[in-house]
Amino acid sequence: MGEAEETAEKVGIGQKIVFGLMMAVAAGVYYIVFLNWVLMVPAQNLPYPYK
Amino acid sequence: MSITRNGKKEKIGAMLLLSMMAMLILLPFAPINVSAQEEEAAAEGAEEATGPEMAKDVFYWDANGDPWEGPVSGPPAPELVYPDNYGTYGNFQSRTLLWISNQQHLYFGSFVLAVPMFVWVMELVGVVLYRKDPKLGKKFDDLAHEMMKISLTAYSVTAILGGVLIFTFLALYPGFFGYLSSIFKPVMHIYALLFILESGVLYVFYYGWDAMNDGCGDWKYGHMAIGTMLNAIGIVLMVMANTWVAFMQSPSGVDAQGRFLGDIWKVIHTPLMVPIVIHRILGNAAFGGGVVAAYASFRFLSAKTPEEKAHYDWMSYIAMFMGVLALIPLPFAGYWLMREIYAYRQQMGITLMGGLLAWVFIMQATMIATLFITVNYYLMQAMGRMPGYERYAPAFKWILAILVISTISWLTPHTLVMTPAELKAMGGAQHPVVGNYGVMSAKNTAINTMITTTVLTFILYQRSNINIKVPWAWKGNLFLIFLFVGAEINILFLGIYGYYIPANVRIGLSVPQVASTLTCLFVGVPVNTKMLKGATQIAPIRWGKMSVRGAYALFLLAVAFTWTMAVMGYLRSSVRLHWHVNEILRDNSPWAFTNPLGYAGNINSLNVMLFWTMLLFVFWLSALSAKKAPASVEEGAGVGKAVPAGSH
C-alpha cells in the first residue's frame, strides 16, 4: 500500500504530459478516424466526410 | 448440508419434477403439426384437383423479387360495421375501456416478466459470492427471494387483468378479436399452454427456494435451472404477445385481403417484430427495476429499525442499478425501432416524428429527461452515505447543468402550435433561433450527452468512498479523462456536422454518436472498476443513511417509467390511425379518430394512477407477510431456512 503511494508520487508532470498527449492522439484516432469513418463508410455505405 | 437431511428421496423427487417440467416445456412445440393441418384444411377448402388458391403476401418477397405466394388458408379480413361488430358499455368510449384494460395488463405483465430476470441475476451473484463469502452470498440470495415474493402477488393480479382484457375484447371488439384469433390460431394454444406452464414453474421456483437452498451446491444450481426455465417461458410468452401488436402495426404473412397464407412464421416475423421485441424486453427490465426500487424505497421509508433501513436502502440501490442497466441501451433500441418503422412505411415514421403524433414525442422526451436527471440525482444523494464523496461533490452542479441544458435541447419542438397572428409575428411555424434545436441532430446530441453524463456520475459514485491504490492510477485517470472528453467532443462535433449535410447522410451519424457513448460505458466503467482493485475504503458505505429525498427520487423514477410506458404505448398504437390492422382491417368504429393530446395525457395519467394504486396493495401484502416472519436476524450463512424479508 505504502509502496503504491510512493510510486504514485514519483510520477512527474513531464511524464503526465507525455502520456496525456499520447492519450489525446489515441482518442482522436479512435473517435474521429475509427468510429466515425468505419461506422459511416464501410458499415453504412454513406459518404464521410460528405463532399 | 441441511438440504440433505432426507437424503436420496428428496433428490430423486426433485429430479423427477425437473424432468417432468423439462418435458412439459417441450410439449407445446412437439406433437402438433399445425401447418400440416392448415394446409390440409386449405386444400379441402380450395376443392378438387385445381389445388389451393394462391395469393400474394403483402410484405414478403421471393428470391426473384416478386411477392411471395402462399396458399389461401383463412377467411379475408371482415369489413367491420358499427354497431354490429362493436360493443358498447354505457356511454363510455369502448376504445378507452380497452385501452385501460390493455395498459393495466401490460404493466403487471411487464413487471412479472422483468422481476424473474433480476431474480435470476441476483441468485447467480449470490451463488458466485457464496464461495468466497457465504454471508454476502446469502444476502444476495435473500434479496432475490424477496424480489420474487413481490412478483408472486403481482402474478395473480396479472392473470386476473388478462381475464378482464379478454372479456373486454370479446364484449367491445368481437369482430376484430375474431379476425386476430383466426390469424394466430396455429399458435394460440401454445400461448395458453405456456401460460399454465409458467404458473407451475413459478410456484415451484418460489416455494422450492428454501428447500433447494444449499448455498452453492447442486440443489442451488437445480433451482437456478428452474429459474432459467421460468425466464425462458416468460420471454417466449412476451414475444408471442408482442407478435400480435407487431402484426397489427406491420402485417405480413397475409394477402391484401387479409387472408392467412399458411405460413405462421411469416405472420409472426413481421417487419417490425424484432425491434419491438428487443425494445420491449429492455423496457420491461427498466420498468421492473424501477418498480422494485420503489418498493424497496417504500419499505425503507416505513422501516422501523436501522437494520431494516440498511437492508432496503441496499435493495433499492441494487434494483435501481439493474433498471438503469436496461435503461441505458433503451434509447438506442428505440432509435432502431424508429429506423425500421421508416424503412417499413416512411409515412408512418413521419406521422410519428414529424406529423400528427410528433408532440407525443415531446411528452416522451420530457419523461426520458426526467428519468436521467432523477437517476443522477439519486446517485448524488446516495453518495451522501459514502464518506469521501465530498471530493466529487463540486462536480454535481456542473453535471446537473449539462443535464439541464441537454434536457432543454431535447424538449425543444421543431414547430409550435400557434395562432395566425403569432405565426405571422414569428415569420413561420419554426422559431428562427429555438427551432434549430428541434431537429434530430440536436436531440441525438442531447440524449447521448445525457447518457454519457450518467455514466460519469456512476463512475464518481463507484469511487466515492474509495482511495485508489493501483500504481497506474494516474494513467487510468488520464485515460478516463480523454475517453470522456473525446467522446463528448465527438458527440458534439457529429451533432453540429449534421446540420451541414443531407438528411440521408445525417441519419447515419447517429451510429458513431451512439458508439461514442457506448465506448464510455463499456470501456470507462470496466477501467474504473479495475482501478478500484486493491483500493482502501475511507469508510464503509453507511447503508440506511440515505436521504429521504433520495428515496423519494426513486418513486419519481418508477412513476416516470410507468408514464413513459403509457405514453409510448399509446403512440405506437395510435400510429395505425384508422386501422385495426394496418392497411388490412379498417377500424369502422366511432372511435377511429386520433385522440387530442390532453385526453391521451389524462388517460395515461389515469392508467399510471390505477397501476400504482394496485401496486401499493401488492406492496402492502408483501409487507404484511414479512411481518409474520421471525424478527431475528440469522447470522452467518444459514441455509435451508425461511428468510425474513426485513433482515440480511
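The values are calculated or read from the model by the stated rules, or taken from the named source; none is laboratory data. It should be emphasised that the depicted structure is a prediction, and the values quoted were computed from it without experimental measurement. Quick reminder, even Gly has a Cβ in these numbers, built from the backbone with ideal geometry, and neighbours come from all protein chains shown. Protein only, heavy atoms only, side chains kept; ligands, DNA and RNA dropped before computing areas. Shrake-Rupley method; radii C 1.70, N 1.55, O 1.52, S 1.80 Å.
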Rounded FRET efficiency, nearest 0.05, which uses the C-beta distance separating B:Gln430 from B:Met188 and R0 of 35 Å: 0.10
At least 40 Å² of accessible area lost relative to the chain alone, listed for the range B:498-513 with a 1.4 Å probe: B:Val505, B:Pro512
Share of pairwise Cα separations in the range B:461-518, more than 17 Å, in percent: 54
Projected label distance in nm at B:Thr594 and B:Lys8, using a 7 Å step from Cα toward the beta-carbon: 7.1
Dimensionless Rg over Rh [the range B:453-589; C-alpha; Kirkwood]: 1.15
Efficiency of FRET from Cβ geometry, B:Ser547 and B:Thr613, R₀ 30 Å, rounded to 0.05: 0.65
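Run the helix sum for chain B: -39,500 (n - 2.57) per DSSP H stretch of 4+ residues, divided by residue count, reported at 222 nm to the nearest 500 deg cm²/dmol.
Values: 21 runs with 439 residues, N = 648.
Taking each H run of at least 4 residues, the total per residue is -23500 deg cm²/dmol.
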Whole-Hz ³J(HN,Hα) from phi, Karplus 6.51 cos²θ - 1.76 cosθ + 1.60, for the range B:600-611, glycine and proline x: 4, x, 5, 5, 4, 5, 4, 4, 4, 5, 4, 4
³J(HN,Hα), Karplus 6.51/-1.76/1.60, whole Hz, each residue of the range B:451-466, x for Gly, Pro: 5, 4, 5, 5, 4, 4, 4, 5, 5, 5, 4, 4, 8, 3, 9, 10
Accessible area buried, both sides summed, chains B and A with 1.4 Å probe, Å²: 2200
Computed lengthening from B:Ala393 to B:Tyr89, 0.36 nm per intervening residue step minus Cα-Cα distance: 103.7 nm
Largest-first principal axis extents, alpha carbons of the range B:220-275, Å: 53, 21, 12
Members of the range A:36-51 that become less accessible by 20 Å² or more once partner protein chains are added (1.4 angstrom probe, chain alone as reference): A:Asn36, A:Leu39, A:Met40, A:Gln44, A:Leu46, A:Tyr48, A:Tyr50
Cα-based equivalent ellipsoid, the range B:319-423: semi-axes from gyration tensor eigenvalues, Å: 34, 20, 9
³J(HN,Hα), Karplus 6.51/-1.76/1.60, whole Hz, each residue of the range B:427-440, x for Gly, Pro: x, x, 6, 9, 5, x, 9, 5, x, 5, 8, x, 10, 4
Computed accessible area, B:Arg542, all protein chains, 1.4 angstrom probe, square angstrom: 110
Pairwise label distance in nanometres, B:Ala503 with B:Glu69, each label 7 Å out on the Cα-Cβ vector: 3.8
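Rank-order B:557-566, B:161-170, B:12-21 by packing density, defined as the average count of other C-beta atoms within 10 Å over each peptide's residues, highest first.
Working: B:557-566: 25.0, B:161-170: 16.1, B:12-21: 13.3.
The most tightly packed comes first, giving B:557-566, B:161-170, B:12-21.
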Given charges at Cβ of Lys, Arg, Asp, Glu: the protein assembly as shown dipole, positive-most of A:Ala27, B:Met248, B:Gly323: A:Ala27
For the range B:113-222, with +1 on Lys and Arg beta carbons and -1 on Asp and Glu, the positive-most of B:Leu136, B:Phe205, B:Ala171 along the dipole: B:Ala171
Amide H partners (placed H, <5 Å) of B:His580, local residues excluded: B:Leu585, B:Arg586, B:Asp587
Sparsely packed trypsin sites (Lys or Arg not before Pro) within the range B:232-340, loop by DSSP, other Cβ within 10 Å at most 15: B:Lys304
Average partner coverage of B:293-301, which counts Cβ from other chains inside 10 Å: 0
With at most 10 other Cβ atoms within 10 Å, longest stretch of chain B clear of loop GluC sites (Glu not before Pro) (DSSP): B:80-634
Rh by Kirkwood over Cα pairs, then Stokes-Einstein D for the protein assembly as shown at 0.890 mPa s and 25 °C, µm²/s: 87
Dipole magnitude of chain B, debye to nearest 20 (Cβ charges: Lys/Arg +1, Asp/Glu -1, about Cα centre): 3180
Accessible surface of chain B, 1.4 Å probe, proportion on carbon and sulfur as whole %: 68
Ratio Rg/Rh [Cα only; Rh per Kirkwood] for the range B:62-190: 1.21
B:Tyr60 long-range amide H proximity, modeled H, under 5 Å: B:Trp68, B:Gly253
Relative contact order for chain B, counting Cα pairs under 8 Å that sit 6 or more residues apart, in percent: 19
Relative contact order of the range B:250-378, pairs being alpha-carbon contacts under 8 Å that are 6 or more residues apart, as %: 22
Area accessible to solvent at B:Tyr206, 1.4 Å probe radius, in Å²: 40
Placed amide H near B:Ala55: partners under 5 Å, 5+ positions off or other chain: B:Gly70, B:Val72
Nearest-0.05 FRET efficiency for A:Leu21 and B:Ser199, computed from C-beta distance (R0 45 Å): 0.15
Accessible-area order (highest first, 1.4 angstrom probe) of the listed residues B:Met426, B:Met240: B:Met426, B:Met240
Relative frequency of Cα-Cα separations exceeding 42 Å in chain B, percent: 32
